[in-house]
1. Find the eigenvalues of the gyration tensor of the Cα atoms of the chain, then list the square roots of 5 times those eigenvalues as equivalent ellipsoid semi-axes, largest first, in whole angstrom.
2. Give me the number: length gained by fully extending residue 9 to residue 47, i.e. 0.36 nm times residue separation minus the C-alpha to C-alpha distance, one decimal in nm.
3. If I fit a long axis through the Cα atoms of helix 51-66 and take the longest principal axis of the Cα atoms of the chain, what angle between them do I get, 0 to 90°, rounded to 10?
4. What order, most packed first, do the peptides 60-67, 1-8, 75-82 have when packing is the mean number of other Cβ atoms within 10 Å of each residue?
5. Between residue 32 and residue 2, what's the calculated FRET efficiency when r is the beta-carbon distance and R0 is 35 Å? Round to 0.05.
6. Determine the percent antiparallel among the DSSP beta bridges restricted to the chain, to the nearest 5.
7. Pull out the extension gain between residue 82 and residue 105, defined as 0.36 nm times the separation in residues minus the alpha carbon to alpha carbon distance; nm, one decimal.
8. Counting pairs of alpha carbon atoms under 8 Å apart in space and at least six apart in sequence, what relative contact order in percent does the chain give?
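Every number here is computed from the coordinates shown, using simple stated rules; none is lab data. Quick caveat, the model's predicted, so the values are computed rather than measured. Don't worry about glycine lacking a Cβ; one is built from the backbone with ideal geometry, like all the others, and counts go over all protein chains shown.
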């Protein structure tokens, strides 16, 4: 299946050939200098293919290029940033985000339990 990748100022997503959104990451601005990565979701048909990683990396690179910082509300993003130290400079408060990662329990957002 061919994915059509799209982006706006605060969102990156992939659609199928019919325009159905199959994967998305949202990172709205919370002030003039800061984004908040709030949500990452991938359709079950695409899970296990690294799509959430691609979305999060793309959002991190976009934020990095903007010169702004980000906070993390999405549990997937919290876990992802804890494993990708190359993006620590875009975190508004790296220590606070590390504490969030250490205290996470349960599945990442967008992952449904059976």
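1. With the √(5λ) rule applied to the chain, the semi-axes are 23, 18, 11 Å.
2. 11.2 nm
3. 50
4. The most tightly packed comes first, giving 75-82, 60-67, 1-8.
5. 0.40
6. 75
7. The span from residue 82 to residue 105 would gain 6.8 nm if fully extended.
8. Value for the chain: 20 percent.
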